[in-house]
Amino acid sequence: MAAKASYSATTRQISVTVRPTYLDEQSAPEHSHFVWAYHVLIENRGPETVQLLHRHWRITDARGQLREVRGAGVVGQQPRLEPGGSFEYTSGTPLTTPSGIMSGSYEMQNERGERFDVEIPAFSLDSPYQTVKLN
């Protein structure tokens, strides 16, 4: 089994790593319905406790259509990360095309009340049904 692609970014000592997986069993290519799960690991490598308040996703399909998703927390939680702490979750997204790309940010807040954005790295949503084109 091939290793899954992993995408990482670090902002202000908060590391975000994403591993997307195509879900063949939940997809219906004949109906232009393609589904991915993505596993996220958020690690606090800094000296202060932070809390994840909001998420902002930018989801772009193979036709270039952008969908934005904003909301409080992730998977119904607003996790607090102590120094050295981490939080993991899995979520998913459907597309009407066999490939796409996602990126975004988390709004964090430290114990002094300062809010800042942490980058979620851009990651590729690839299925076995996409047409490979080299640019």
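Return yes or no: is V35 in contact with a helix residue (DSSP H, G or I) (Cβ under 6 Å, 6 or more places away or on another chain) and part of a strand (DSSP E or B)?
When the stated conditions are applied, V35 passes them.
Do you know which residues across segment 83-99 are under 17 Å from R19 (Cβ atoms) and either in contact with a Cys (Cβ under 9 Å, 6 or more places away or on another chain) or among the hydrophobic types (A, V, I, L, M, F, W, C) (or both)?
Once the filter is applied, which keeps residues that are under 17 Å from R19 (Cβ atoms) and either in contact with a Cys (Cβ under 9 Å, 6 or more places away or on another chain) or among the hydrophobic types (A, V, I, L, M, F, W, C) (or both), segment 83-99 yields only F87.
Given (1) part of a strand (DSSP E or B); (2) hydroxyl-bearing (S, T, Y); (3) in contact (Cβ under 8 Å) with a residue 60 or more places away in the chain; (4) in contact with a Phe, Trp or Tyr (Cβ under 9 Å, 6 or more places away or on another chain), identify the lone condition not met by Y106.
(4)
Within segment 86-98, is there a residue that is surrounded by fewer than 16 Cβ atoms within 10 Å (Cβ to Cβ), touching a Leu at 6+ places or on another chain (Cβ under 8 Å), among the polar types (S, T, N, Q) and in a strand (DSSP E or B)?
Yes, the conditions are met somewhere in segment 86-98.
For the subset of segment 45-69 comprising residues that are in contact with a Ser or Thr (Cβ under 7 Å, 6 or more places away or on another chain) and touching a residue at least 12 places away in the same chain (Cβ under 8 Å), which member is nearest to V16 (Cα to Cα)?
R45
Bear in mind these aren't lab numbers, they're just calculated from the coordinates by the rules spelled out. Since the structure is predicted, the reported quantities are computational estimates derived from the model, not experimental observations. Ideal geometry is used to build each Cβ from the backbone, glycine not excepted, and the neighbour counts take in all protein chains shown.
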